[in-house]
Amino acid sequence: MSEVARIILDGVEYELPVITGSENEKAIDISKLRGMSGYITLDPGFKNTGSTKSAITFLDGEKGILRYRGYPIEQLAEKASFIEVAYLLIYGELPNKTELDYFTNSVSNHTLVHEDMKRFFAAYPNNAHPMGMLSAMIASLSTFYPESQNPNRPFKDIELTMHRVIAKLPTLAAQAYKFSMGHPIMYPNNDLNYTENFLNMMFALPTDDYEIDPVVEDALNKLLILHADHEQNCSAATVRIVGSSQANLYSAISAGIAALWGPLHGGANQAVIEMLQMIKDDGSDLQKWVDKAKDKQDSFRLMGFGHRVYKNFDPRAKIIKKAADDVLDKLGIDDPVLDLAKQLEKVALQDEYFIERGLYPNVDFYSGIIYRALGIPTEMFTVMFAIGRLPGWIAQWKEMVENSEPIGRPRQVYVGATERNYKPLDER
Ligand code: SDX
């Protein structure tokens with residue numbers, strides 16, 4: 001006997017099906033509600049509303065659980081390579097050797113971007129934010145592959161587009177950085193793995209070899225894995241809704257990058273470091289800033305704190321916090337901002353305001369400290385988030401396409417002016 005929810009509207013009782021997920025999450029299926037009753041539901045920010053059924057990522061905000069295709073994030077961050085995790089998210093299973101070689105080689109063979117794209121970079125002001133460039137560049141990629149506009153192309157073409165985006169995003173990200181520095185770009189080197197290749201394109205110069213520090217490569221691999229997917233977050237939901245109109249994958253990813261840029265989302269990793277630096281420059285009076293964050297009259301928020309879903313702790317933040325200690329120790333870096341971050345976390349987590357609202361450090365609170373130690377400039381932090389999140393966005397888009405989900409088009413409750421007649425100018 002399938003479960004139902006009963007709702008009484010205008011004296012009439014309606015039954016709505018209840019669905020249960022593989023982790024026993026419950027949902028009321030309201031897809032027929034308007035047809036039956038004329039009523040819709042309202043939920044700004046979709047805090048209580050599911051948009052889809054997904055088999056990609058499971059997270060439990062109360063228990064601090066995060067799994068990609070059933071695999072705990074703690075195991076993947078410790079044992080897997082980022083390219084393996086990208087395959088897992090997109091195809092649903094960890095790859096065997098043949099599958100991993102196929103995927104790795106296909107991505108490696110598409111790391112170059114058309115030489116004409118250099119002209120795009122040259123047109124930007126030299127202080128252009130890399131997220132603005134990257135979002136535009138990814139959308140522009142679609143103009144070099146017009147066949148990707150066709151929404152009904154065979155899977156092999158779709159797969160090639162997915163591999164192209166994964167291959168070219170790091171190349172374009174590194175080129176954005178090189179242009180901002182006024183340095184010559186470094187071309188991809190297919191003898192290097194995905195993370196080594198990115199580091200080389202970022203930091204190598206034609207004048208001297210860049211030696212890849214395994215500590216740096218390992219930390220980057222871990223960070224990219226920890227950012228790879230997070231179910232229906234703001235940017236993933238954006239990618240799905242843009243893709244639902246049958247816009248091409250490049251455009252959907254470009255929109256995801258734009259959504260991620262916001263300081264309430266992925267842009268928080270840059271905002272955290274800027275906030276910590278500001279607190280440090282202001283004399284490190286932590287209680288003062290914690291009090292400002294609590295003050296409803298003050299727009300200041302503790303960046304890197306709080307989460308829509310995690311109300312105990314963000315499992316990624318725990319892993320990144322430990323990795324920050326390890327990386328800085330191995331690199332022999334003493335970053336006072338890390339100590340300040342730890343002290344700020346301590347002060348905040350002793351404060352009733354934060355405790356009763358379940359506000360804990362999220363994935364963005366400590367990640368910037370590691371990026372900084374790796375030599376990544378602050379304005380590139382959210383670009384790093386985008387490189388990590390890309391396989392998740394692609395997996396979410398692919399699932400939406402494979403499930404032939406309808407175009408996303410929310411309803412609304414109209415609260416504006418009721419009907420009225422036009423008035424000539426001299427009567428207003
Ligand atoms: C990411 O969704 C995802 O999964 C995102 C992400 C991913 O992997 O994709 O995890 C990545 O985006 C992490 C979040 C990064 N953003 C920040 O660190 C920015 C700072 N955090 C907040 O702006 C906020 O916590 C959000 C945006 C993350 C969550 O906002 P919600 O869920 O809409 O919660 P809310 O704004 O309704 O806050 C609830 C209460 C409010 O107070 P009251 O109205 O109850 O009195 O908590 C307060 C808020 O004022 N609050 C904060 C706060 N975050 C929430 N107060 C001070 N500082 C904060 N950071």
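Each value in this text was obtained by applying a stated rule to the coordinates, not by laboratory testing. Keep in mind that this is a model prediction, so the values were computed, not measured. Don't worry about glycine lacking a Cβ; one is built from the backbone with ideal geometry, like all the others, and counts go over all protein chains shown.
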Magnitude of the Cβ-charge dipole of the range 4-50, K/R +1 and D/E -1, about the Cα centre, nearest 20 debye? 80 debye
Run the numbers for ASP335 and LYS32: contour at 0.36 nm per residue of separation, minus the present Cα-Cα distance, in nm. 103.5 nm
Which of ALA86, PRO184, GLY375, positive extreme of dipole for the range 80-407 (C-beta unit charges): ALA86
How would you classify the range 4-50 from its alpha-carbon gyration tensor, with a ≥ b ≥ c the square roots of the eigenvalues: rounded for a/c under 1.5, else prolate if a/b is greater than b/c, otherwise oblate? oblate
Considering only GLY306, PHE203, VAL401, whose Cα is most displaced toward the positive end of the charge dipole of the chain, charges sitting on Cβ of Lys, Arg (+1) and Asp, Glu (-1)? VAL401
The chain: calculated mean residue ellipticity at 222 nm from DSSP helix runs of at least 4, using -39500 (n - 2.57): -16000 deg cm²/dmol
Förster-model FRET efficiency, 25 Å R0, GLU115 and PHE155, C-beta, rounded to 0.05: 0.25
ARG67, ARG409 arranged by Cβ crowding within 10 Å, fewest neighbours leading: ARG409, ARG67
With a Förster distance of 41 angstrom and the Cβ-Cβ distance between VAL309 and ASP208, calculated FRET efficiency to the nearest 0.05 equals 0.35
Mind checking the log10 I(q)/I(0) for the chain at q = 0.06, 0.11 Å⁻¹? Debye, one equal scatterer per Cα, no solvent, two decimals. -0.28, -0.91
Between the modelled labels at LEU94 and ARG357 (7 Å from Cα along Cα→Cβ) the distance in nm is 4.0 nm
Between TYR422 and VAL12, how many nm apart are label points set 7 Å from Cα along the C-beta direction? 3.8 nm
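What is the magnitude of the charge dipole of the range 80-407 about its Cα centre, with +1 placed on the Cβ of each Lys and Arg, -1 on the Cβ of each Asp and Glu, and no other charges, expressed in debye to the nearest 20? It would help to have the intermediate numbers written out before the result.
Working: 29 positive and 42 negative charges, 167 e Å.
Value, rounded to 20: 800 debye.
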